[in-house]
1. Under 12 Å from the Cβ of C:I50, count the other residues' Cβ atoms, weight Lys and Arg +1, Asp and Glu -1, and hand me the total.
2. Say we join alpha carbon atoms closer than 10 Å with springs in a Gaussian network model of chain A; which of A:L208, A:L121, A:L167 then has the biggest fluctuation?
3. For the protein assembly as shown, which whole percent of the accessible surface, found with a 1.4 angstrom probe, sits on carbon and sulfur atoms?
4. Would you rank C:I26, A:I91, C:I97 by solvent-accessible area, highest first, keeping every protein chain in place and using a 1.4 Å probe?
5. Remind me, relative contact order of chain A in percent, using alpha carbon pairs under 8 angstrom and six or more residues apart?
6. For A:N68, which sequence-distant residues (separation of 5 or more, or a different chain) have an amide H within less than 5 Å of its own amide H, given hydrogens modelled in the peptide plane?
7. Within a Cβ distance under 15 Å of B:R192, other residues only, what is the Lys/Arg minus Asp/Glu net charge?
8. Just tell me the longest site-free run in chain C, where the sites are trypsin sites (Lys or Arg not before Pro) in a DSSP loop having at most 14 other beta-carbon atoms within 10 Å.
Amino acid sequence: MKSRNIISIILVIMFLSLFSIASFAQDFPTKDIRTIVPWASGGGTDAIIRVISKIAEKSIPTAIYVENIEGGLSGVGLYEVMNAKSDGYTIGGFTYDSIVTVPRQELVPGYSLDKVKMICLVTKEAGAMVVREDAPWKNWEEFAAAAKENPRKISVGVDGIGNAQHLRLLKINEVTGLEFKVLPYPGGSGEKKEALLSGEADAIMTSLGDFAPLIHAGEVRGLIEMADQRNPQFTDVPNFQELGYEGLVKGSFVILATTAGTPDDVVAKLEQIFYDAHHSDEFRDWAQETGVVATWLGTDEVTDYAMQVQEDEFEMIQKLIDDGVIEG
Amino acid sequence: MGNLDGIIQGFITFFNPSVGIYAIIGFIIGAFFGAVPGLTSVLAIALLLPMTYSMDIVSSLVMCMGIYMAGIYSGSITATTINIPGAPSAMMTAIEGNQLMKRGLGAKALGHAAFASMIGGTIGTLLLIMVSPYSVKLALMVKTPGKFSLILFALIVIILIQRKSIAKGAIATFLGIMFATIGIDTMKPLARFTFGFDILVQGIDMMSVIIGTFAISELLIQSGEIEKKLEISKDVLSKIRRKDFIPTLEEIKSIGLWRYFKSSLIGFFTGVLPGAGGSMAAFISYAEAMRSSKNPEEYGTGSLEGIAAAETANNAMCGGAIVPMLTFGIPGDATTAVLLGVLVINGLQPGPQLMTKQFHLIAPMFAALLVSALVILPITFYLLAPYFIKIVSINRGILYASIATVAIVGSFVSTFSVFQMAITLIFGVIAYFLRKQNYPTVTLLLGFILGPMLEDYFRRGLSLGHGSPLIFFTSPDSLFFLVLTVIFYYFLMIKKPMIMKEDLVQKKAK
Amino acid sequence: MAKRSVLERINSTSLLALVLILVNSIYLFEAIKTAEPIKNGEVGITFFPIVASILLYIAAIIIFIAGIKEKSVLSFQLSRIGKPIMVIFLTLIYVLIFKSIGYFISSIIYVLCLMFLFEEESGFKKKKLLNILFTVIIVALIYILYQKIFGVRLPIGEVF
């Protein structure tokens, strides 16, 4: 830790806050940038945002610090971003839940994506299904055949009823006509791993990155991925697209966004900062090591992408509610 | 499976100075909190909890182990010198130790308490290290229906063990369970129990509950107490020399090695039992020592044997209480309940996964516990014993103002939310009123932690059984714990052996 | 012993039990209002809470009856409860001003008030200067602990 004394810090901050109002975007940033992770520290999203912030910090004169504000399936922390000053000094990490579940269920009053300006998308994680290595099904075709013969007998673990992974499974049901016994494991990926290894669940809906250590250890096999191209880290896992299924490209992502109303040149500066960090060898190496798929969508594309995801998912959820598959 | 390798690796990690130093820091913090009446090691860990966010998880676990061992042990210091147990687990030590203090043998009593703590702590940790590989295999055998029954068993035993009032224990547990339901449902993205207040959707943070029930309620209780001077007269202090503290070989022989070992076993297995804790361990061991003693008439008048039995057992309890916490996520006592919070908040899920795949995070913790008991305890005792006694004369204003500020700022730092700070205060007030009426607050916290798990397991168990609750009776793992619950009910409620023994001890003490 | 009506027999034990029963009723009402416990043969989001609530009723009624049987009567000792109420009040103020006026000023006020409260009898006034010094030290130490050692940002106040 740097040992500056208290008084000097107060003076510096007062000094800077006076100037930040009058400063130009070229000077941005003149004070520390607060990054809100709306999930617990130690999780996957937390790691991605912390790593990219640490790298981005090196290219600017001030610091980027991370605060974990949990609750409301990411809604509580992101609500802070929505109500911050429109100066670009508060950014937040948005995931699938922040774009779909929170607004759909109206979990946090006053939460609205209109109140944020999306900067960029940094990672994408395709949904996937995994089984034990010693499972009787060697590939998706065998698994699907077994599920067809015994509807609702083969059990699949998801994170929660009506949450992202459950919706993905329901989409698979819709497209393939299969039916499974659904087991909810809301306690995180540790619980799902245990359930798969102890034999309680036959398969798990997850992302391959989450199960990477177990896959590499040869205990778990990736059955199929909900992507349109093979995962560079798990090239032997097929995807629905190549097997000829339509509409089964789904997954989660991490989007960085700041408060709506932030001047465009400040947003552009933030985009540049994160673009450089994202395209650094350091970030690419880290992603490669941990099974995260680094993907880039800039300010021009990211909002359209997120809104498209939201629209598609809302439509699908509404259909499921109408059909009585899940509760509103 | 390379469990031995894991343990050795754990020791290597531990002896890295940047990690090991935390055990020493933890031990000194724990000794301080354990020795001051009204402060406990639970409170120490609760106050440090927000900091573990920004600390390396291994270091924070190592520090917690130091606090844990020291907190249990140092309760004996004030128990002996001023007859106020610094921690509840030193209650039995107060009975004997203070008698010796009055006879001018305080140093002897303190020395035996420290020696017994060292032995108990060491044996307890060794048992923990030996048991842990088997507990993993055991844990994988227990699936969702079994886990439901196991938690049910734990909650029932925790309630039944509240000897003062089972109904009050039950109320505190249910309150904890109910508070935990506020917010978003565990299984579905639906809000519940918001009572029309939108802000309640964010739910109650575990940190707010821990800091509120343990730190803020203590602050309120202490503020209502009339100020009393706890200072010890100067001549008592000046009389004590370091040499007097060391137990002689004859004394140890007369207590008997078997006594130490038996007390350790009693302590360890009391620890494994959910909710029992250090005071229960010390009490059972003390009662058993008195029953089998050659000189039962010495008990109550200053028996070194009694101190040895109680202090060995409560420190051996530490190792035992960690077993169910790590394997099933069911804490054995109050400190491990908060420790479970440390794990969960840092994203570690107790269970077989933790014990196999993340053993490198856990093994240094075992090393820290062992070294705390075997090395740090005797060294600190030898160096600091004369000063430990002075701890109690610390200025109340400074002490409680600091604790209050650390607690409130801590609840902000861990949530960055003024709402959660307010919740911390509310839980402090609730716990204050409950404690005033002798409701146990540890069961409130256990209800809060275990309640959501119980609900998860219950609902998933039903999914597994296609909606039928019969699955809880047909799965062998579940049936086992249900039968165990009945057995414990029989022993705790119908035979009531503890209560009879307690009466016996109280008569003796008088 | 003369017979007393139930109302006269209320003491602190039974009063707390009554409060718990009341709070529990609000909880149960909210549960019933939210959703059906069992819908289409499936356990819903309120089933488990309702079970806990019913069990709490049973335990609270047991305590209430036990309280009424006690001989003690309700008595308030303002001297015993006055200081805890002051501490609750002070802490509430602290929580409310913490973020807006910042860590330093709010904490110094809070610590000073608490010191005064805890040492009222043993002569806070005699050591006024010393206590102010200790206050500054405590506040500075906690700042160093969180902000410097653990790298967490404490609020400096929205006015700045």
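1. -1
2. Sorting by GNM fluctuation, first place goes to A:L167.
3. Here carbon and sulfur together make up 63 percent of the probe-accessible area.
4. Correct descending sequence by accessible area is C:I26, C:I97, A:I91.
5. It rounds to 24 percent for chain A.
6. A:V37
7. -4
8. The answer is C:72-160.
The values are calculated or read from the model by the stated rules, or taken from the named source; none is laboratory data. Note that the structure is a prediction, hence the values are computed from the model and not measured. Methodologically, a virtual Cβ is constructed for each residue, glycine included, from the backbone with ideal geometry; neighbour enumeration extends over all protein chains shown. Just so you know, the surface numbers come from the protein's heavy atoms only, side chains and all, with ligands and any DNA or RNA stripped out. Shrake-Rupley method; radii C 1.70, N 1.55, O 1.52, S 1.80 Å.
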